[in-house]
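Everything on this sheet refers to the single structure shown next.
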Amino acid sequence: MDAEHLAVPGVRGLQPYQPGKPVEVLERELGIRDAVKLASNENPLGPPPAALAAVRAAAGQVARYPDGSGHRLRHALAERLGVGADQVTLGNGSNDVLELAARCFIAPGDEAVYSEHAFAVYPLVVQAVGGVGRVAPARDYGHDLEAMAALVTPRTRVMFIANPNNPTGTWVEAAALDRLLAALPREVVVVLDEAYHEYVEDPAYPRGHALVGDHPNLLVTRTFSKIYGLAGLRVGYGVSSPQLADLLNRVRQPFNVNSLGLAAAEAALGDEAHVARSRAVNGAGLAQLQAGLDRLGLHWLPSAGNFITFHTPQPAGEVYRALLERGVIVRPVDNYGLPDHLRVTVGTEEDNHRFLAALGEALGAAGA
Ligand SMILES: *Cc1c(COP(=O)(O)O)cnc(C)c1O
């Protein structure tokens, strides 16, 4: 049966999100055991030990439904961020919050604005609800907020800003964001995606949670998947005005964050030392990768995240496959409008070294 016509218009022709290749899959394909995955911006240090202990302790209670309101985690986040607990919306990863926003604010035919090279989930969630994406050309691979504002029409319901953006690693400064927020109509919900904010140390970088008090149309999304090392447990959250949070909560599944995720995230929040260590390892790894890419004569995009996107002089797909053959998984970014680039996640010093060595060989092999 051809089922395509059964789907709502937004789902017809929708290409699912392409995740990084899992290590087990590559190892099975190649019959090897020591593959390294640098494809999904995961924390090479893993989660804080306290989070693992909390998961073990919570495991005994998995027969019970989780706390559907995530009371303790929401209150802990609210206290840290200096907002009310009624301003925090928990998500099954921050992707869930992005989807809640699309379902809450975008009706079929409504428009959403995002940037060229922006995170691939934005077009997905917009299309799925029948929305129309308006894509602003990037400037130097980064978000051009003026170009984005210029695409706003009376039909615009949502603007997505990834800060920093994945896969380009670019970010917008506080002054530019302030100008945008002041200029936009309040009918446009601004989704400020801060999945990597913990990695950014520049004082010109804006922290979205401090802006929600002044902007009732601002929704900041964050995650425990990246620096907290809990990608597998799927915990993210939104910070917004209580009014936006109330709307998101209406479409949120009651148990969207599971009990192990809640326990782990709560425990992880308290471990500042692990975050600091992860940030330091990332900084050193970025420097190592940049120096290595320079030695190979490759151009790369300066990144504020835990990944680097670099240019490949030979077809990126060939380099990607040559790296796979050497047991190193990186991420193709052709679906981000970057067909001549690959993205590599910062790993441990050893992982990064392995990647650079494999890349050196792969460039020889891919051209051969
Ligand atoms: C990884 C990532 C997310 C977070 O995804 P989760 O659903 O929280 O795991 C969100 N936005 C961007 C830009 C990302 O790269």
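Values computed for the structure shown
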| read-out | value |
| --- | --- |
| Ranked packing of 156-166, 270-280, 338-348, most packed first, by mean Cβ within 10 Å | 156-166, 338-348, 270-280 |
| Probe 1.4 Å, all protein chains present, accessible-area order of 193, 140, 334, 351, largest first | 140, 334, 351, 193 |
| Whole-percent carbon and sulfur share, accessible surface of the stretch 19-63, 1.4 Å | 56 |
| Share, in percent, of DSSP beta bridges within the chain that are antiparallel, nearest 5 | 50 |
| FRET efficiency, residue 67 to residue 361 (Cβ-Cβ, R0 56 Å, nearest 0.05) | 0.65 |
| Share of carbon and sulfur in the accessible heavy-atom surface of the stretch 179-305 [1.4 Å probe, %] | 55 |
| Net charge of Cβ neighbours under 12 Å - reference residue 69; Lys, Arg +1; Asp, Glu -1 | +1 |
| Most mobile of 142, 109, 131 in a GNM of the chain (Cα contacts under 10 Å) | 109 |
| The chain, accessible area per residue, ligands and nucleic acids excluded (1.4 Å, Å²) | 44 |
| Label-to-label distance, nm, for residues given as residue 27 and residue 11 (7 Å Cα→Cβ offset) | 3.6 |
| Fluctuation leader among 57, 107, 136 - the chain, Gaussian network, Cα springs under 10 angstrom | 57 |
| FRET E, pair residue 57, residue 3, Förster distance 56 Å, beta-carbon r, rounded to 0.05 | 0.80 |
| Debye intensity ratio I(q)/I(0), log10, the stretch 49-270, q values 0.12 Å⁻¹ (C-alpha model) | -0.61 |
| 74, 354, ranked by accessible area, largest first (probe 1.4 Å) | 354, 74 |
| Mean separation of Cα contacts under 8 Å, 6 or more apart, over the residue count of the chain: relative contact order % | 23 |
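The values are calculated or read from the model by the stated rules, or taken from the named source; none is laboratory data. The model shown is predicted, which means the values in this text are computed figures rather than measured ones. Counting neighbours? That spans all protein chains shown, and the Cβs are built from the backbone with ideal geometry, glycine included. All accessible areas refer to the heavy atoms of the entire protein, side chains included, with ligands and DNA or RNA removed. Shrake-Rupley method; radii C 1.70, N 1.55, O 1.52, S 1.80 Å.
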